[in-house]
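Trainee: One structure is given below, represented as structure tokens, and several questions about it will come after.
The numbers here are math on the coordinates, done by the rules we state, and not lab data. Remember, it's a predicted structure, so these values are computed and weren't measured experimentally. Please note: Cβ atoms are built from the backbone with ideal geometry, for glycine as well, and neighbour counts cover all protein chains shown.
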Amino acid sequence: SLHSENAQNIVKSDRELNLSTFKGVAITDYLFQDLGKWSNAVSMECSLTGRKYTHGEIYNYSRGFAAALQQMGYEKGDTLAIALPNMPEYPIITFGAWFSRLTVTLVNPTYTPFEIGKQLADCQAKCIVTLPLFLPYILQAKSAYPFLASLKVIIIGEPQEGCHTFAEMLRVDSSSANLASSSDPDLNTEEDVILLPYSSGTTGPPKGCMLTHSNLVMNCAQTNATINALPFTDGNAQEIGLGLLPFFHIMAFQALGLITFTLGGKVLCLPRFEPETFIDCLKNNKLSIMHVVAPLFQFIISHPELTKDEFSECKTVFTGACPTSRILIDKFLEKANKPILIQEGYGMTELSPLSHMILADSKNSKVGSVGPPIPGTEVKVVCPETGKALGPKEKGEIWIKGPQVMKGYFKNEEATKATITSDGWLRTGDIGLYEEDKHFYIVDRLKELIKVKGFQVSPSELEATLRIHPAVADVAVVGVPHNELGEAPRAFVVLKSSTVSETEIADFLKDKLSSHKQLTGGVQFVEEIPKAPSGKILRRELKAAFLEGQGK
Ligand code: 4UW
């Protein structure tokens, strides 16, 4: 019965959070509710060039950008794509699009034209904001998909022929524009989609996750109630964060783009990882909070130029997106030589993105756990065989219910139904367990997703691309353990003819897919791909056989 399940095996935070106060609140109101307290404080700064904007400037410029978008004829529900590296203009574009009631989709700017075209066509983007550097790729993507013929390009930097110029759009007078707010008569915060990030979910190619005002506002409120970062006030210093994790991924987008912003904080943007500029950024700024993923911990620990001095003001490090080992955390804390709180979060694009977070100091034996559910979130661990909610210390699939669960996948009823149950539980495809104290551990993955440095790689996308090769008869891609990357994609290939080499197969992806989707786990020729009677690839079998061969 529901009641006994409720009493026993649904896990919730012990902390109360009244989320009803955020009902009906538009994202644009939520983001700027405390603007008056820190309007003149810097919000975003480029760590390379020093170009920066205060919170007040972000507010004013995003409204100017919104007014320009409206003048250009864009309206509620149109999709604007952002294909940019981390730069201080990112929130101006995002918030501007939201002020003009558009939906934003996030594009990895290092994507190939092939990948960009697929995403833009799938989400039916009307315009895209990018840099001159990436314009040739966008134009190539555009010409490959007839649907994108009317796609408009907005350029940041040097004006380009046939493109709109961002700098000019910022100057548009917004005083008489009709911009989004909670009092819009036709606003539906539970239904109106504002963000469409891509995720492959539990199976298949990347799909657009429809996130609403309510999804993002509620998850920000839940996160702000959980983290050790404080609003900029007379008593609290301004939080200064590291803007290195890419904003096109949901972790940095929410944590740095939204959360740090709502606290009146400052983010130092780095457009790409380079050892020198990263080290300079840490040496020239006293960061109070840092968002890192496991490979970055590894770099910090092992680089001799980084010492305890760089972490003298650091009080909290946030991590997640893939497992961070206890060894890495211990070595980092040893280098920093002071108490720093480690907050590992567990999240998923489909969850806007956060459901769990731990507050762990160095003496905490719970390091390695992703912590208890955040307030306002229900979690159960479901036995894949029986469908029953399991008790403490039993492994099963993690299911989540809460205001952060996405509305569904864009134009994909089937995938939505397979992912969200009729009573609102989101099946994460992750295997985990919890202990009596409600702390969760992620131990394995039921879904086929591969995570390379925390980035999503969809095996079925790689397989579909490899099948284009004339010599490939059949193929399966699985993630195998990798020292630096966490996991790496490895292809098992059945050949039509034996005249090609493993390298040739791997090289076939070079111009088609971006760098984290390359076959860094290797290529292996096989006689056949193990499949279930349904035709489903038995990925676990392939992985197990490979690991056994490696003696693992
Ligand atoms: N340990 C093990 C983890 C963990 C993990 C995620 O690319 P997506 O869709 O989304 C993310 C979001 C991560 C995130 C972490 C911490 C945080 O504070 C925040 O929000 C601000 C976001 O990665 O991939 C989702 C999948 O990534 C794995 C897991 O398989 C999940 O389903 N994953 N976090 N701490 N694995």
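Trainee: Taking the Cβ-Cβ separation of Phe525 and Lys411 as r and a Förster radius of 45 Å, what is the calculated FRET efficiency to the nearest 0.05?
Mentor: Efficiency computed from Cβ-Cβ geometry: 0.75.
Trainee: I need the peptides 51-60, 228-237 ranked by packing, meaning the mean over residues of other C-beta atoms within 10 angstrom, with the highest value on top.
Mentor: 51-60, 228-237
Trainee: Also: Evaluate the Debye formula for the range 310-412 with equal point scatterers sitting on the alpha carbons, no solvent, and hand back log10 of I(q)/I(0) at q = 0.10, 0.13, 0.17, 0.25 Å⁻¹, in q order, two decimals.
Mentor: -0.36, -0.58, -0.87, -1.32
Trainee: Oh, and also: Return the FRET efficiency for the residue pair Lys363, Glu168: r is the Cβ-Cβ distance, R0 is 51 Å, and the value is rounded to the nearest 0.05.
Mentor: 0.40
Trainee: What is the sum of charges, Lys and Arg at +1 and Asp and Glu at -1, for the other residues whose Cβ falls under 11 Å from the Cβ of Gly64?
Mentor: Spelling it out: positives minus negatives among the neighbours equals -1.
Trainee: Sticking with this structure for a sec: Can you tell me, using C-alpha contacts under 8 Å and at least 6 residues apart, the relative contact order of the chain as a whole percent?
Mentor: 14 percent
Trainee: May I pose another question? Using only the alpha-carbon atoms of the range 283-350 as identical scatterers, what base-10 log of I(q)/I(0) does the Debye formula give at q = 0.23, 0.29 Å⁻¹?
Mentor: With one equal scatterer per Cα and no solvent, log10 I(q)/I(0) is -1.02, -1.54.
Trainee: Using the alpha-carbon centroid of each, what span in Å lies between the range 167-216 and the range 415-435?
Mentor: For the range 167-216 versus the range 415-435, the Cα centre distance is 24 Å.
Trainee: So how long is each side of the range 130-193 along the principal axes, counting just the alpha-carbon atoms, biggest first, in Å?
Mentor: 41, 29, 16
Trainee: Would the range 352-435 count as rounded, prolate or oblate if I go by the C-alpha gyration tensor, calling it rounded below 1.5 in a/c and otherwise prolate when a/b exceeds b/c, oblate otherwise? Working shown, then result.
Mentor: Working: a/c = 2.62, a/b = 1.55, b/c = 1.69.
It comes out oblate by the Cα gyration axes.
Trainee: Taking Cα centroids, how far is the range 457-516 from the range 310-368 in Å?
Mentor: 33 Å
Trainee: Determine, for Thr465, Thr421, Thr503, Thr319, the number of other Cβ atoms within 10 Å of each Cβ, and report the residues in order from fewest to most.
Mentor: Going from least to most buried by this count: Thr503, Thr421, Thr465, Thr319.
Trainee: Any idea what log10 I(q)/I(0) is at q = 0.10, 0.19, 0.22 Å⁻¹ for the range 414-512, Debye with uniform C-alpha scatterers and no solvent?
Mentor: Per q value, in the given order, log10 I(q)/I(0) is -0.41, -1.02, -1.18.
Trainee: Let me ask something else. How large are Rg and Dmax for the range 80-152 when only the alpha carbon atoms are used, in Å?
Mentor: Computed over the Cα atoms of the range 80-152, radius of gyration and Dmax are 11.5, 33 Å.
Trainee: Over the range 1-134, what relative contact order in percent results from Cα pairs under 8 Å that are six or more residues apart?
Mentor: Relative contact order here is 22 percent.
Trainee: Could you bin all the Cα-Cα distances of the range 233-389 into 5 Å bins starting at 0 and give me the percent of pairs in each, rounded to whole numbers?
Mentor: P(r) over the range 233-389, rounded to whole percents: 2, 8, 17, 21, 21, 16, 8, 4, 2, 2, 0, 0.
Trainee: Moving on. Can you tell me how the range 38-159 classifies by the Cα gyration tensor, rounded, prolate or oblate, using a/c under 1.5 as the rounded cut?
Mentor: On the way: a/c = 2.39, a/b = 1.46, b/c = 1.64.
Oblate is the answer for the range 38-159, as a/c is 1.5 or above yet b/c matches or exceeds a/b.
Trainee: Under 20 °C and 1.002 mPa s, how fast does the chain diffuse according to Stokes-Einstein, given a Kirkwood radius computed over C-alpha pairs? Answer in µm²/s, whole number. Can you show the working numbers first?
Mentor: Working: Rh = 24.3 Å.
After rounding, the answer is 88 µm²/s.
Trainee: Moving to a separate point now. Can you give the Rg to Rh ratio for the range 140-265, taking only C-alpha atoms and Rh from Kirkwood? Before the final figure, lay out each step's value.
Mentor: Details: Rg = 18.6 Å, Rh = 18.3 Å.
Ratio of gyration radius to Kirkwood radius for the range 140-265: 1.01.
Trainee: Please state the shape class of the range 200-321: rounded when a/c is under 1.5, otherwise prolate if a/b exceeds b/c and oblate if not, all from the C-alpha gyration tensor.
Mentor: oblate
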